[in-house]
Each structure stands twice: as structure tokens, then as C-alpha cells.
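S.K.: Sharing a structure here in C-alpha cells format.
The values are calculated or read from the model by the stated rules, or taken from the named source; none is laboratory data. All figures in this text were calculated on a predicted structure; none of them were measured in a lab. No Cβ is skipped: glycine too gets one built from the backbone with ideal geometry, and neighbour counts run over all protein chains shown.
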Amino acid sequence: MELRPILSTLRRHKVTACLLILEIALTCAIVCNAVFLIGQRLQRMDMPSGIAEHELVQIQLGHIGKSPDAKAQTETDLAALRQIAGVRQVGVVEELPFSYGGSSNSGLMLDPHQQQPTVNVSQYMGQNILPTLGVRLVAGRDFGPGEYVDLDTAMAALKTGDTKGLPQTMIVTRALAERMWPGKDPLGQTAYVGKDIALRVIGVVASLARPNMLRMGPQYSVMWPIHMTLADGASYVLRTAPQDREAVIKAAVAKLKQLDPNRVVVTKRTYDEARREFFASDRAMAGILVGVIVALLTVTALGIVGLASFWVGQRRRTIGVRRALGATRGDILRYFQTENFLLATFGIVLGMALAYGINLFLMTHYELPRLPGIYFPVGALALWAIGQLAVLGPALRAAAVPPVVATRSV
Amino acid sequence: MFGYYLDLALRSLKRNKVLTTLMVLALALGIGATITTLAVLRLLSGDPIPQKSAQLFYPQLDPYPANQPFSRSGKRVPYLMSYIDAMNLIHARKAERQAAMAMSQVKLTPPSGVGKPFYAQGVLTTTDFFPMFDAPFQYGSGWTAADDEGRAQVAVIAGSLNDKLFGGANSVGRMIRIEDHDFRIIGVLRTWAPQPRFYAVHLGGHSYGEGDAVFVPLQGARADDLMPSTMMGYGKSIDVEHLETAPAIWLGLWVQLPNAADVAAYKMFLGNYAKEQVALGRYQRTDTALSGLMEWMRSEHVVPDDVRLQAGLAFGFLLICVVNTVGLLLAKCLRRSREIGVRRALGASRGAIFTQFMVEAAIVGVAGGVLGLVFAELGLWGIRHQPAQYASLAHLDLSMFLFTFVVALLASLVAGLLPAWRACVVAPAPQLKAV
């Protein structure tokens, strides 16, 4: 296809051509970044938690102050919950991956005299966590009953400086082990929290995400052998078959109310609900971005249809003359398609530069990573396709112009 | 003359219905998106307390040890305050008013027979809270400084809680059970829910939405072991039973400073206080800060990043819609060169042609504005069904309503400028020759 006649025609419609290029460029820039943002959100929503997500339900009761019988009450509750039909495991857990409702975090150090902690980790404390959450152990073992200490004992020990009352062991995630001891066997290694708490690694789990503060490293979590009660802000977590979850929640709440009718149920939900809630704003944002992309592409496509129709109308006589001089319908069709392809290409080149600029702006203001190179060719392909689709109708109409138009005086 | 232009413009728009619909629709989409996101942004970044915000300041001190800075960069001053410092500043009375506060999720037990216990958001604070923040009382009043020091078991409750527990009647003098301790109600607030909930930034709870339910004296509530939602320690651990003396920050302090001289004096006072604490060995840093309310809202990113991102996106979208409209208007106008030539030959001035085309653009703008308003209402309806804490607040007020039309008209007039100018420079002779 000869490009020269197309270019010389475009030169005669500079302003309209420039407007179309500008529109395509802006669309390209925004769509590239919007798709990138959607990708980021989806990636975030898709992060692995490392637990048996579809099998867990959480029940949290409001507890006031320190009651001396909190420990006994917890034991009674646990015994009762284990009796419920369909319940496979019961545990007490202070926090769950990807969920609102607080988390406890600390700085882990390789050397007790370090000024700054090596990594910030979230610690999972409570009873029977590993089997209840369904976390997969890849090396070492779970805590033995003798390793657990009560939270109160640990806090008191910390105050008096008596290291006997403190936990001595911990289980870490594989990601954390690789960060702390790269290339070494993590089992048997020791890490410190402050100067006083030394914890020996006895087990490594494949994956266990932290509840929040994901920026610190979503997989940097540890488990400590510390007994919790509901008075410490922990929840009961029950593991069951996915289809039994609703029934188990009902039965468990009824059982707990029966044991003590004065307690307030603060939370009762499946883990899936907790996770959905945590990522709700990401899902909403991704939805909005999809809407914007669709609207933008529609507006741009309609703009192309409008301008192309106008050009076809304006050039009816020229088309007639060309047809009379021997151009086939295919030639005319291809002429308009090539013209659109050229305009789209200019727009895309300009749009890529703009997209890069917008990405730089977003990187400095919203802590986003750099736009990966793959978005450029994909964005280009999308806009070329949209352009060709939009121009097809007007181009077909142009191709249908009969040669006889040339001979008619206007 | 204007009527004639209007008639011409309407005829021209009617002649090419598809193109006109395209222009109006594109403009309306852009305006709908922009107004929706702007309404949310305005709502979220608004002044929570317009009559007072210029006088309210948030002081910060740094009790953290030298080798353990509050932030990794070491540049940020802690955004909460320890109990000892908050009490020292309150007792110093260097500002016109000053109040310390902490948030707490509290269990409320209704008077017997009204219902089951439930959890609500409570505020532990000191006497100046109500006059300083202009919290309006429906019944009764707040407590006094003597009540603070005397650890009085009194409470001020929100109107909504009063409706729920006492059917809206004057409940002053009645008792309310908070975390299994009895508090005497001494005041009932009218509806009061500043958006954002500026006084609770970093203290826990939501930044937007309903107001807090109960307000109790800080010392009295702490005597009953009510726990603050947020606390951060700078020692080995936080001894939650002795929070008042523990190396922990868990309070927010607000002060009212009526004029610039007061602000300067207070800054000086804070600086001296920090130096004094260093001399006493309590502090190892002399960093302090004093931020105005709106400045504090901005620096703490109270408005979610997503909302600002959406507004930016909507503006980009509107820009594309305007470019689109320019292109389409231009195409239409160039097609009518012959008509313009005839009009010019018959005596119409360039100004007349220009005005005629601008009127046409304005009609597109107004139509786009009306439709855009419909889209914006739809958009806000969508936002109200989103899981955000500010969802229920998303509404279009009168000023935003008018603003829609201003934006629409402006966008269409900007879009109309180029085509109108091109139209008015059309030379009449060649156009007539071709006929």
C-alpha cells in the first residue's frame, strides 16, 4: 500500500488528525496505567494465605478486663466446641491472615545487640494453631505441650527479667527463614526479640501470611507457643468441612451462649468472609478501573467512528474518481484502514511516552512499582484493534461508493 | 440575535442526530465520572469543623530513646503522647483549651430489660473536649476539671445512643453500665459526627461514618480499666495494667490557640518543655511538632489514596471526552463550510459566525451536563453500595449540582473554541464558487 497519498491527505486535515492522535494517545496512556493498576490489585487479592481458607470459621467473644477464671473458661469452651458435630479441630488464635481486627508484631533480630531489627514479623499466638489453620509444616515439628507458656506468665517474666517464663521456641515461614538465614538450615537457629527473648526455630511452614501491614513482607510471620484466652483478645477458630461452616457457626454460638449467656458475640464469620472484607476495597477499585477502561475505549472508538464517517462523507467524490480510475473496493477499504492504522500508530507512540510519565508520577505519589515493559506492546495491540474495528463501518461505506459519483456534478 | 443562533444551532444538531448523541453522551460520561469522584473527594477532604479548624492544633513530643527512633528514618515525631506528657501539658494550661483523648471499644449494658449488651465506640477524654470541639448538648452538660481529677464516674452519651436506650427522653441523672461499671449520665449530645473524625486519627476506629457513642472522663475510665484501642511502647514491653507510668504512647492531645501569637508562644513552650525533659533525663530528643488541624489531616493521609487516584482518573477521562467533542464539533463545522460561506456572503460578521458555533457548543454542554448529572447520581448510588466507611455519606449537594453545569458548560465551550474559530475564518468566496 502506498503511504504517500494517505500522508498528503492527512496533511490537509492536520487539526482533525492531530485531535484524533491526541485522543488515542491519552486513551492509550490511561488504559495502560489502569490495566497495570488492576493487575496490581488482582495480584494483591490473590496472595496465598497458607491456611485452609474454606474450612475455617471464627468466633470472637467480648471479654472485659482480667477475669481470674479466663483460662478455665477457655478450657471449658474448647471442650464444648470440640463436641459439636462436624468440627475437626478447634484452636485459640489471636489473629488470622489478611483480616482486620488487630495484629501483634515485633522486630526480629539476628544478634541481641543490634540497633535495628532485621525484619518486622507478625506473631501468631494461641493454642493448636498449626492443625486448626491447616498450615503445612515442611521441616521440623509442631510445639510440644511442654513448650507452651501462658501470656500472663510471659508478661510477668519479661518484667522481672526471668527468662524461664518466656517462650523458648518458634516456628517460622519459609520466606522468613530465607530472609533471616539465606542458604542455611533454619532449624536450630536462634533469633531475638529485644535483648531478653531468644527463640530457637523448631519448625518451618510452607506459608502463613500476616494479618495486615503487608508492606513489611506479606509472608513474614512466626508462631510462638503462648497460651491465649479470650480475655487477651483471641478468637476461637474451628475447622470443619466447607459445607458445614454455617451450621457449625450456629451450633458453636448456641453452645457458647449456653455456657455463659452474658457474653457478647463480637465476631462470627467464615474465614472466606474475613478475607473478602479485607480485600473489599481492592475489589471495588479494580471494578471501577474496569468500568473506566470500558468507558474510555468506547468513547475513543465512537470518536474514531464519528471522524471517519465525516471524512468518508467529505471524500465521496474523490473516492468516486478513484473507483472510476480503476481502484477496487478492496483498495478503498484498505486506504481507510491504513489511514487509521497510521493515526493509531502516532497516537500509540505518543501514548507510550505519556503512559510512562503517568507511571513515574504514580510511583512517586502512590508507592507503585514501575510499569513492566509488557504493557506497552499489549496496549498498542489493543488500541490498533479498537481503531480497526471502529473504522471498519465507515471504510465499508466508503468502499460502497459507486464510481458513477465521479461523473455526476454535485 | 441569540434566539436566532439558538434556532440555527438546534437545527444543525437535529440534522445529524447520531453525531450529536455521540457528543452529548461522551461529554456526559466524562462529567458524570468527574463529578462523582469530586463529590467523594470533597466530602472526604472537607473541613470537619469549619468554625474552629483554624484554632485547633495537634502538639507532638518525642519520648523515644536515642537508639530506638519512632520511625525508621528517625525524622517523624511520634504521633501519640504518653500519659505523663499529656497530663503535664494539660496542667500547664498554656493554651486557651486543651484536651487529651483515647478511643476505646466498650461494652454497654442497657438498663435492665431494654436489650442485650453490645459494643460501641467510646472516647476517654478530659473536660475541655466538648467546648473546644463545639460538641452541641441536647440535655445536661460536660464534666468539670474537678471531675477529671476526682476520677468521677460520669458519662456524656450521643443522641443516637440516648434514642436507643432511653427513647430520646432526657436521661441526665440516669445510669449507664460501661464495661461492667456504672456511670452517671450528665449530658446528652445532639447529632455530632465530624467528617473526617479528625480527633481520632491514629487513635483507632474509623475516620468517617457515625459519631462516637459515649464520652467518659479519662482518669475515671482508666480507674475502671477501660483500655485504649491503640498503644505503642518504647520500652521492653507495655505493662497494660500501669499504662499511666509505662513507657508507652497512647493519647492524642488537641489544643485551642486563637491567634498566631498564641501559636508561636505554644511552639516555644513545647520546645522548652522538651528541653526541660531532656535535662530531667526523661527524654533524649528535643524534637517537637505543632500542626494545624487541616495540615494534620493532609500530612496523615486521612483521605484514602484510592479516592485521589479515582479523581485523577476521572479528570483524565473528562479530558479525553473533551478532545473527542472538539474533534466531532470540528468535523461538523468543516462540513458546513458552504453554509458558512453563504451566511458570510449575505453579511454575517465573523463574530456572528463565532457566536453561532459557540451557542451550538454550549447547547451540547448543557445537554451533557444534564445527562452527566444523571450519571453522577448513578455513580454516587454505586459508591453508596460500596464497602467503604464513607459510603453512606456520598451525596450530591446544591453546590456540586451547580458545579456540574459550570464544568459541563466550560468543557463544551473549550471544546467549541477551535471549531468556532475555524468556522469564522472560512473565506466565503471559494465556498460560493463551488456551489
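S.K.: Kindly indicate whether A:LEU302 is hydrophobic (A, V, I, L, M, F, W, C), touching a Lys or Arg at 6+ places or on another chain (Cβ under 9 Å) and under 23 Å from A:LEU22 (Cα atoms).
M.R.: Values: hydrophobic (A, V, I, L, M, F, W, C): yes; touching a Lys or Arg at 6+ places or on another chain (Cβ under 9 Å): no; under 23 Å from A:LEU22 (Cα atoms): yes.
Considered against the rule, which asks whether it is hydrophobic (A, V, I, L, M, F, W, C), touching a Lys or Arg at 6+ places or on another chain (Cβ under 9 Å) and under 23 Å from A:LEU22 (Cα atoms), A:LEU302 comes out as no.
S.K.: Now, a different point. Suppose we filter B:VAL106, B:VAL123 for residues that are closer than 14 Å to B:ALA213 by Cα, outside any loop (DSSP other than H, G, I, E, B) and away from chain A (no Cβ under 14 Å); which single one remains?
M.R.: So the residue among B:VAL106, B:VAL123 that is closer than 14 Å to B:ALA213 by Cα, outside any loop (DSSP other than H, G, I, E, B) and away from chain A (no Cβ under 14 Å) is B:VAL123.
Each row is one residue, and each column tells you yes or no for (1) of a type in the set (A, V, I, L, M); (2) touching a residue at least 24 places away in the same chain (Cβ under 8 Å); (3) not assigned by TED's automatic domain parsing to the domain that holds B:GLY204.
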site	(1), (2), (3)
B:THR126	no, yes, no
B:ALA146	yes, no, yes
B:GLU149	no, yes, yes
B:ALA152	yes, yes, yes
B:VAL156	yes, yes, yes
B:SER160	no, yes, yes
B:GLY167	no, no, yes
B:ILE176	yes, yes, yes
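S.K.: Same structure again: So which helices (runs of 4 or more DSSP H) stay within the stretch B:143-247 end to end and still have 2 or more residues that are surrounded by fewer than 17 Cβ atoms within 10 Å (Cβ to Cβ) and out of contact with any Lys or Arg (no Cβ under 8 Å at 6 or more places or on another chain)?
M.R.: Ranges flagged: B:145-149.
S.K.: Test of understanding: among A:SER67, A:SER106, which residue is in a loop (DSSP other than H, G, I, E, B), assigned by TED's automatic domain parsing to the domain that holds A:LEU130 and at pLDDT below 90?
M.R.: The match here is A:SER67.
S.K.: To continue, here is another question. Scan the stretch A:385-402 for residues that are touching a residue at least 60 places away in the same chain (Cβ under 8 Å) and of a type outside the set (A, V, I, L, M, F, W, C) and jot them down.
M.R.: A:GLY387, A:GLY393, A:PRO394, A:ARG397, A:PRO402 - these are the residues of the stretch A:385-402 that are touching a residue at least 60 places away in the same chain (Cβ under 8 Å) and of a type outside the set (A, V, I, L, M, F, W, C).
S.K.: Since A:ALA29 meets every condition but one in (1) modelled with pLDDT under 90; (2) outside any loop (DSSP other than H, G, I, E, B); (3) in contact with a helix residue (DSSP H, G or I) (Cβ under 7 Å, 6 or more places away or on another chain), which condition does it not meet?
M.R.: Of everything listed in (1) modelled with pLDDT under 90; (2) outside any loop (DSSP other than H, G, I, E, B); (3) in contact with a helix residue (DSSP H, G or I) (Cβ under 7 Å, 6 or more places away or on another chain), A:ALA29 misses just condition (1).
S.K.: Ok, one more. For residues in the stretch A:247-281 being in contact (Cβ under 8 Å) with a residue 12 or more places away in the chain and more than 23 Å from A:ALA234 (Cβ to Cβ), which is farthest from the other protein chains (Cβ to nearest Cβ)?
M.R.: A:ALA247
S.K.: I need the full set of residues from the stretch A:127-147 which are within 20 Å of A:ALA191 (Cα to Cα) and in contact (Cβ under 8 Å) with a residue 24 or more places away in the chain, in order please.
M.R.: Within the stretch A:127-147, A:LEU137, A:VAL138, A:ALA139, A:GLY140, A:ARG141, A:ASP142, A:PHE143, A:GLU147 meet the criteria.
S.K.: So, one more: I'm checking my understanding of the structure. Among residues of the stretch A:282-291 that are within 8 Å of chain B (Cβ to nearest Cβ) and more than 13 Å from A:PHE36 (Cα to Cα), which one is surrounded by the fewest Cβ atoms within 10 Å (Cβ to Cβ)? Can you show your working first?
M.R.: Going through the stretch A:282-291, the residues within 8 Å of chain B (Cβ to nearest Cβ) turn out to be A:284-285, A:288-289.
Filter once more, so that each one left must be more than 13 Å from A:PHE36 (Cα to Cα): A:284, A:288.
Numbers: A:ALA284: 19, A:ILE288: 25.
Only one residue tops the list, namely A:ALA284.
S.K.: Go through the stretch B:397-424 and count every residue that is more than 14 Å from every other protein chain (Cβ to nearest Cβ) and either charged (D, E, K, R) or in contact with a Pro (Cβ under 7 Å, 6 or more places away or on another chain) (or both). Working first, answer last.
M.R.: The first filter runs over the stretch B:397-424 and keeps only residues more than 14 Å from every other protein chain (Cβ to nearest Cβ), leaving B:397-410, B:412-413, B:424.
Those left that are additionally either charged (D, E, K, R) or in contact with a Pro (Cβ under 7 Å, 6 or more places away or on another chain) (or both): B:397.
Qualifying residue count for the region: 1.
S.K.: Residues that are out of contact with any Phe, Trp or Tyr (no Cβ under 8 Å at 6 or more places or on another chain) and of a type in the set (A, V, I, L, M): which strands (runs of 3 or more DSSP E) entirely in the stretch A:152-215 hold 3 or more of them?
M.R.: Passing ranges, in order: A:197-205.
S.K.: Which members of the stretch A:359-406 meet the condition of being outside any helix (DSSP H, G or I), on the phi < 0 side of the Ramachandran plot and not hydrophobic (A, V, I, L, M, F, W, C)?
M.R.: A:PRO369, A:ARG370, A:PRO372, A:GLY373, A:PRO402
S.K.: For the structure I just gave you, tell me whether A:ALA177 is touching a Pro at 6+ places or on another chain (Cβ under 7 Å) and either modelled with pLDDT under 95 or away from every other protein chain (no Cβ under 14 Å) (or both).
M.R.: Taking the combined requirement at face value, the residue satisfies it.
S.K.: In addition: Quick one: how many residues across the stretch A:292-334 are closer than 22 Å to B:CYS333 by Cβ, at the interface with chain B (Cβ under 7 Å from one of its Cβ atoms) and hydrophobic (A, V, I, L, M, F, W, C)?
M.R.: Summing the residues that are closer than 22 Å to B:CYS333 by Cβ, at the interface with chain B (Cβ under 7 Å from one of its Cβ atoms) and hydrophobic (A, V, I, L, M, F, W, C) in the stretch A:292-334 gives 4.
S.K.: Can you pull out every residue in the stretch B:323-351 that is surrounded by fewer than 22 Cβ atoms within 10 Å (Cβ to Cβ) and either within 10 Å of another protein chain (Cβ to nearest Cβ) or touching a helix residue (DSSP H, G or I) at 6+ places or on another chain (Cβ under 6 Å) (or both)?
M.R.: Passing the criteria: B:LEU334, B:ARG335, B:SER337, B:ARG338, B:GLY341, B:ARG344, B:ALA345, B:ARG350.
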